[in-house]
Amino acid sequence: VQLQASGGGLVQAGGSLRLSCAASGGTFSRYNMGWFRQAPGKEREFVAAVNWPGGTTAEADSVKGRFTISRDNAKNTVYLQMNSLKPEDTAVYYCAAGPRRLYPSVVAGSYDYWGQGTQVTVSS
């Protein structure tokens, strides 16, 4: 499956962005989906994930209450709504697809397919 992330950009602290990740070449509803991010000089970290029907989500503590993951299986797309952005949210954001499980994984190694990443920059 191929993943194409979009929606990144430059935003002031306190602002919002919505990232999208469009999937093609596979049956989207067969996959759990996740968002990860990597800041310069840091390791890739988990942001949020959602299981294949969309009923169960997981979020990193650092984004709880600010970021929301959702999916539209009819559009083969997963979203990450990011509100109240902070400068420390600056990173390249990656979407990923992994095996269908009841509870979405927070571990990057659990995901088989990755998008190319989209840059999010939050200015103070």
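Annotations for the structure displayed:
- Stretching GLN116 away from ARG101 to a fully extended chain increases their span by 3.0 nm, per 0.36 nm per residue minus the current alpha-carbon distance.
- Charge sum, other residues only, whose C-beta stays under 15 Å from TRP52's C-beta, Lys/Arg counted +1 and Asp/Glu -1: +3
- Loop-located trypsin sites (Lys or Arg not before Pro) in region 51-124 whose Cβ has at most 11 other Cβ within 10 Å (DSSP): LYS64
- Proximal lysines to LYS64, defined as alpha-carbon separation beneath 19 angstrom and excluding residues fewer than eight positions away on the same chain: LYS86
- For a straight C-alpha distance cut-off of 16 angstrom, the aspartates and glutamates reachable from LYS42 (same-chain residues fewer than eight places away being disregarded) are GLU88, ASP89.
- Note on LYS75 and THR57: the extension gain reaches 4.6 nm, defined as 0.36 nm multiplied by sequence separation minus the Cα-Cα distance.
- Gained length - GLN38 relative to ALA13, 0.36 nm times residue gap less alpha-carbon distance: 7.2 nm
Taken together, the values in this text are just the output of simple stated rules run on the coordinates, not laboratory data. Given the structure is predicted, the values throughout are model-derived calculations rather than measurements. Neighbour counts run over all protein chains shown; Cβ positions are idealised from the backbone, glycine included.
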